[in-house]
Each structure stands twice: as C-alpha cells, then as structure tokens.
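Nothing in this text is a laboratory measurement; each read-out follows from the coordinates by a stated rule. Computed from a predicted model, the values in this text were never measured in an experiment. All Cβ positions, even for glycine, are placed from backbone atoms using ideal geometry, and neighbour counts span all protein chains on display.
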Amino acid sequence: MAFLPNSPLGSATIGQIGVTIADVERSIVFYRDVLGMKLLFDVPNMAFFSCDTIRLMLSVAERPEDHFGSAIYFKVPDIQQSYQALCERGASFDGPPHVIARMATYNLWMAFFRDPDLNLLALMCEIPRA
C-alpha cells in the first residue's frame with residue numbers, strides 16, 4: 001500500500017482488518033470452511049485468520065450500537081474459478097462476476113457476497129485487455 005508523500009503513516013501497510021460479527025463459531029465455519037482461510041487462533045468472542053500478510057480479526061460487538069461493517073475485497077487471479085468454487089462451498093453471491101470498470105490496460109471484475117452477519121465481501125480481478 002502506498003501513502004501520499006508526507007503522510008504520518010509513512011510506508012505503513014495494513015496489518016489487520018477487523019470485522020464485527022454476531023456469532024464466532026458460525027463465522028469460523030464460514031471463513032474457514034467456505035472461504036478456505038487459515039484460522040490462526042480464536043479466543044472468547046474473537047477469531048483471527050491469515051490472509052497472506054494481513055490478519056483478519058472477527059469480533060463480537062461489545063455493545064449493540066458498536067455493530068459496524070467493512071468491505072473486504074479478495075484479489076484473485078481467476079474470478080470465474082473462485083466464484084464457482086465459493087458457490088459450491090455455499091457462498092451466496094448477489095450476482096455473477098461482472099465488469100466494474102474498463103481501465104486502459106485491464107478490466108476490473110467483481111462479484112459481491114456476504115458473510116453470515118451480512119458484512120460485504122467481494123472477489124476482485126484485474127483482467128488484462130487484449
């Protein structure tokens with residue numbers, strides 16, 4: 001990740017993304033068994049997964065008003081293959097992969113789906129233009 005010049009974060013990278021959930025066990029099953037992510041560890045009301053160099057923290061909200069959402073975009077090399085594999089594992093997509101933007105050298109494809117707590121997730125793929 002690149003930051004603007006003179007940013008107080010310098011050359012920082014994202015180390016962890018936190019997502020609020022309602023049920024840890026149900027979310028572990030989804031993220032581990034449906035998405036195929038590696039569970040690092042879980043403690044009461046939290047579970048931590050590895051996503052390459054970024055750690056994903058799932059945690060139960062301490063107060064109902066703390067429930068918030070984040071969108072997580074998984075960059076994949078073959079969006080059609082990933083979409084099909086996740087559908088076979090039980091992920092429910094809003095629709096099939098489709099072009100979001102036509103850039104100069106590639107088309108940006110995405111497909112959106114949700115976890116058990118309705119947090120927005122997406123597959124993204126940059127497919128070179130011919």
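What to note about this one:
- Alpha-carbon centroid distance for the pair the range 46-60 / the range 81-130, whole angstrom: 21
- Full extension of the chain segment joining VAL29 with ILE14 gains 2.9 nm, where the gain is 0.36 nm per residue of separation less the Cα-Cα distance.
- VAL99-ASP42 pseudo-label distance in nm [points 7 Å out on the Cα-to-Cβ vector]: 4.2
- Gain on full extension, evaluated as 0.36 nm per residue between ILE54 and LEU118 minus their Cα-Cα distance, stands at 20.9 nm.
- Residue order for VAL99, VAL76, fewest other beta carbons within 10 angstrom first, comes to VAL99, VAL76.
- Structural descriptor for the chain: relative contact order 21 percent, calculated from alpha carbon pairs under 8 angstrom and at least 6 residues apart.
- FRET efficiency for the pair ALA61 and GLU126, taken as 1/(1 + (r/R0)^6) with r the Cβ-Cβ distance and R0 = 30 Å, rounds to 0.30.
- Put in order of Cβ neighbour count within 10 Å, fewest first, the listed residues ILE79, ILE28, ILE100 become ILE100, ILE28, ILE79.
- Kirkwood Rh (inverse of mean 1/r, distinct Cα pairs), the range 16-128, angstrom: 14.8
- Dipole moment magnitude, nearest 20 debye, the range 16-128 about Cα centre, only Lys, Arg, Asp, Glu C-beta charged: 300
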